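Undergrad: Sending over a structure as structure tokens; questions will come in a sec.
FYI, it's all coordinate maths here, none of it is from the lab. No experiment lies behind these values; they were computed from the predicted model shown. Quick reminder, even Gly has a Cβ in these numbers, built from the backbone with ideal geometry, and neighbours come from all protein chains shown.
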Amino acid sequence: MKEGVETQDNNIAHLLATRRPNMSLEQPFYTDQNVFDRDMEKIFMRYWLFAGHISRIPRPGDYFLFEIGNDCVIVIRVSDQEVAAFHNVCRHRGSVILKAPEGRANSLVCPYHHWVYKRDGTLAAARHMPDDFDKTGFGLTPAHLRVVEGLIFLCLAQDPPSFDPFAKDLAPRLQPYGLARTKICHTYRYTARSNWKLLAENSRECNHCPPAHPEYCRIVASANIDSPKVLEEDTAFAAECEARWAKIGLECRTIPFLADTWHLAAMMIFRKGFVSQSLDGQPVAPLLGSLPERLAGALAVVIYPTFWFEASSDYAMIQRFLPVSPTQTEIEMIWLVHEDAQEGVDYQVERVTAFWKATADQDRTICEDNQAGVNSSAYQPGPYAAVESEVEKFVCWYLSQVAD
């Protein structure tokens, strides 16, 4: 091992060994390039990542590109029944093959020397190679892909963690929302000047909700942690909701994060009188899937490391963030509505997106402020409050992944 690499690993090992439970992490975890590189290697190149929604590739030949770090993956519909993923790297001399972020390709042609691949990744033609050249050994390199209820996930590891526990737990909860029969209403992308872990930690607690998210607290009962009277009233209403949902066959039992799991599902119950995560709490689009009525709650799903999903009965919002540098993270948000809904007739984009855009912009500000403070020479780890226990769960999971 090179001396520089060994020193870096020793420094990270020291940070891991000296971390105090229920305290935020030391500064290098949020600012250091070596720690960032370890995060990419140990987490983002090993875990399942949300790539996109199935509606982006409705016809055979439709594709989009998914990029993370130095890697670019082609997600393509091979046939009516099959979706596949391949690294966007020609097997001839390594050129990228597709450069447009999305489009349609009956075959995949490398622009450098015009090697031609079929949609299933097999090599169809290799210019100027000898007659006895064996094309079967030079197909595109596949990436692991799974689709659950219209949500496409990728894993770049050779031996990925099992996807089955997630699919088993989440598919029955997602099914009533009919996400495979939705379309993208709007996409919002931006870059936050914050380490990805600060964004993840922020998403795992609502201690910040009362001061930062007035729109969210107005709708979501559990966000009102500073108002015991409000919580008492909402608890009674929650019991009514859960009883009603049980009668219509809606699963609302919470699936928590455990020491060896990487996904959570829960019903976020609204305050009485509200039926959607909209600025006025009223419907903004037609009902999703097989839901028989407007629900006073939203299904929340979190998947480590960086997937977050909340679905009201009329639309779903997905938020995913991917690291760019130690202090920059790319965020993508998409809103899904029923595939038959007509813009301007059944929904207005501005009404569907307003609630979560406001919340996301607020989160962006507080996380960037958090990063600015962490960058300071005066920063020291601080204690988590009892209501921030889910942050400690995330941090413990994170540390277990980056430790050798």
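Undergrad: If you plug each phi of the range 19-35 into the Karplus form 6.51 cos²θ - 1.76 cosθ + 1.60 with θ = phi - 60°, what whole-Hz ³J(HN,Hα) values come out, in order, with x for Gly and Pro?
TA: Each residue's phi maps through the Karplus curve to give 5, 8, x, 6, 10, 5, 7, 5, 3, x, 4, 10, 9, 8, 5, 5, 5 Hz.
Undergrad: Taking θ = phi - 60°, what integer Hz values does the Karplus form 6.51 cos²θ - 1.76 cosθ + 1.60 yield along the range 165-176, in sequence order, with x for Gly and Pro?
TA: 3J(HN,Hα) across the range 165-176, in whole Hz: x, 5, 4, 5, 6, 8, 4, x, 7, 7, 3, x.
Undergrad: Name the long-range amide H neighbours of TYR117: under 5 Å, sequence gap of 5 or more, or other chain; modelled H, no Pro or chain starts.
TA: Under 5 Å from the amide H of TYR117 lie the amide H atoms of LEU108, VAL109, CYS110, ALA124, each far enough along the sequence or on another chain.
Undergrad: Amide H of ALA105: which non-local residues (sequence gap of 5 or more, or other chain) have their own amide H closer than 5 Å, using H built in the peptide plane?
TA: ASP62, TYR63
Undergrad: At a 4.7 angstrom Cβ threshold, list every cysteine in the chain that has nobody to pair with, or say none.
TA: That list is CYS72, CYS155, CYS185, CYS217, CYS241, CYS252, CYS367, CYS396.
Undergrad: Counting other beta carbons within 10 Å of each residue's own, what order do LYS183, LYS99 fall into, fewest first?
TA: LYS99, LYS183
Undergrad: Where does each of SER376, SER194 land when they are ranked from fewest to most other beta-carbon atoms within 10 angstrom?
TA: Ranked by crowding around the Cβ, least crowded first: SER376, SER194.
Undergrad: Under the rule of at least 5 residues apart or a separate chain, name every residue whose amide H is placed under 5 Å from the amide H of HIS87.
TA: So HIS87 has HN proximity to ILE74, THR141, ALA143.
Undergrad: What number, in percent, do you get for the relative contact order of the chain if the mean sequence gap of Cα pairs under 8 Å and at least 6 apart is divided by its residue count?
TA: Value for the chain: 19 percent.
Undergrad: Less than 18 Å apart at the alpha-carbon level, and either on another chain or at least 8 residues along: which aspartates and glutamates does that give for LYS135?
TA: Those aspartates and glutamates meeting the cut-off are ASP120.
Undergrad: Principal axis lengths of the chain from Cα atoms, whole Å, largest first?
TA: Answer, in whole Å and largest first: 79, 57, 33 Å.
Undergrad: Hey, what do the phi angles of the range 346-360 turn into as Karplus ³J(HN,Hα) couplings, whole Hz, using 6.51/-1.76/1.60 and θ = phi - 60°, x for Gly and Pro?
TA: With coefficients 6.51, -1.76 and 1.60, one gets 9, 7, 10, 3, 4, 6, 5, 8, 4, 4, 7, 5, 4, 5, 5 Hz.
Undergrad: Moving on to the next point. When we measure straight from the Cα of LYS42, which lysines land under 24 angstrom away, once same-chain ones fewer than 8 places off are left out?
TA: Of all the lysines, those that pass the test against LYS42 - Cα under 24 Å, at least 8 places apart if same chain - are LYS2, LYS197, LYS393.
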